[in-house]
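Data first, discussion second: the structure below is written as structure tokens.
The values are calculated or read from the model by the stated rules, or taken from the named source; none is laboratory data. Here the structure is a predicted model, which is why all the values come from computation and not from measurement. Reconstructed Cβ throughout: ideal geometry from the backbone, glycine too, with neighbour counts over all protein chains shown.
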Amino acid sequence: MSSTTLAPEGFDEAFDALFGRAYRVARRILGDPTTAEDVAAEAMARAYAHWGKIALQPWREGWVVRVASNLALDTVKKRSWLGDAEAMDAGVEDDDVAVRLALVEALSRLPRRQREVVVMRHLGGLSEAECAEALKVSTGSVKTHLHRGLASLRSGLGPAMQMEEVSADV
Amino acid sequence: MSDQWPTDTPRDEVLARVVARGTRIRTMHRVMRMAAVLAVAGTSVAGVGYVISSVGDQGDPAVQELAVGPVQPDVPLTDSADPGGSTSATVPGDAAPGSTPGLNPPAYGSDSTPSGLPRTSAASSTTGRAPSTTSRPRSPATTPSTTSPVTTATSAPPTTEPLAGNTVPPTPAPAVGTLRVKADGVSVGANVCSNETRSEAAVSVDAATDVKLETISGDSSREVAMQKSVDGDWTADLSSAVTDPAHPLLVTVVATGPGGVTRSSAALPVVDCTP
């Protein structure tokens, strides 16, 4: 395919893995596979635009996950503001929609670093070391932010609501 | 890897979409970067241009000082003229070649070298007086033969050099001539008759719109407006000006015109004109 030949060096080879990561985190946040695909494609397009800088970096997966999660969170916010319930309902149950909206709301209230760590670790599926590389912080810092972020989410969402519940259906 | 592909959309189709979108993002970034560079460069050029234009408007301070410096002391330092009134004493020989005296070019034109650079002799800048030998390299053909360069230099200072930077020749200040005193229509020279009741002062004033006469006799002073007579002189009644015959009558002619105000004072002896 011509578009494949236009891709910068290494992008084609890394595309599948990176797109899969981006898609999964977007799907977990959005619940909608179509929108998640669009969000993942947008995240990959941004990776393509910055490929010269991130291609050889060990944190490139974390970078893509972070971009995808931010795009997904923004999409949820836009839809909730616009009242686009129909799009939010696509392919998911009402309860899941409510849970996701509550999760996004709780995530948005977290400090930026805690939100990034929680999303990358639990929704993006990155290891603590990968999160540390992506965020350019130490692993201990990632653990601290993760612990505080989860504690805040539990207090905000209630003790019965666990992160595993949100991502279980993906 | 196709078996791990997570979406229903074919991989190559998604990749093509990503490449197209990524190329647009990259192009947008380049355009924005270029616009930022151009904006910075444009701002810099505009700033430099503004600075240059500002300096250009002020002129070269060194050149102005050298051009103006020699001219100022050439203003006649008489008590009869205030600034601006000196240019009325135009010396024909000082006109630049090919120009009329009233339309002299700025000092740059007459005090510049053929290359256009102003003459900046150390003597002229340190003494503050224009070197007459270098400031008048006039062509003999354009200098009126009736005007002697030596006479011009001694009797009338070279006041025709316009100030540097002035593009419009300054309006000449009123020029006050010699005050004359008449008694019963007969000139008595510069004396005032102590017992004359019909004496008047007359003076010729050029470029004046209003002339006043201030007199001081002893402890009393007065001011009267002078009238322009048919013969062109400005006259004022002096009949009651002398209140103290023991002292000279101090007379000041104040001439006001478009070019400024000129004051000319004189002390007139008071004499007994009784036959």
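I'd like the full set of residues that are free of Cβ contacts under 8 Å to residues at least 40 places away in the same chain, in a helix (DSSP H, G or I) and more than 8 Å from chain B (Cβ to nearest Cβ), limited to the range A:41-64.
A:ALA43, A:LYS53, A:ILE54
Kindly indicate the residue of the range A:23-40 that is assigned to a helix (DSSP H, G or I) and either of a type in the set (Asp, Glu) or surrounded by fewer than 21 Cβ atoms within 10 Å (Cβ to Cβ) (or both) and also nearest to the other protein chains (Cβ to nearest Cβ) among those meeting that condition.
The residue in question is A:GLU37.
Return the residues of the range A:42-56 that are aliphatic (A, V, I, L, M) and surrounded by fewer than 24 Cβ atoms within 10 Å (Cβ to Cβ); say none if nothing qualifies.
Within the range A:42-56, A:ALA45, A:ALA49, A:ILE54, A:ALA55, A:LEU56 qualify.
Pairs only if they're at least six apart or on different chains, beta carbon under 7 angstrom, first in the range B:28-55 and surrounded by 10 or more Cβ atoms within 10 Å (Cβ to Cβ), second of a type in the set (A, V, I, L, M, F, W, C); list them, first residue then second.
B:HIS29/A:ALA49
Restricting to the range B:7-30, and then to whatever is over 13 Å from A:ALA45 (Cα atoms) and β-branched (Val, Ile, Thr), can you tell me which residue is farthest from the other protein chains (Cβ to nearest Cβ)?
So the residue we want is B:THR9.
Within 14 Å of chain B (Cβ to nearest Cβ) and modelled with pLDDT of 85 or more, is that true of A:ALA68?
Considered against the rule, which asks whether it is within 14 Å of chain B (Cβ to nearest Cβ) and modelled with pLDDT of 85 or more, A:ALA68 comes out as yes.
Against the condition modelled with pLDDT of 85 or more and more than 10 Å from the chain's Cα centre (by Cα), how does A:LEU56 come out, does it pass?
yes
Return only the number of the condition from (1) facing another protein chain (nearest Cβ under 8 Å); (2) buried (at least 21 other Cβ atoms within 10 Å of the Cβ); (3) modelled with pLDDT of 90 or more that A:GLY20 does not satisfy.
Among (1) facing another protein chain (nearest Cβ under 8 Å); (2) buried (at least 21 other Cβ atoms within 10 Å of the Cβ); (3) modelled with pLDDT of 90 or more, the lone unmet condition for A:GLY20 is (2).
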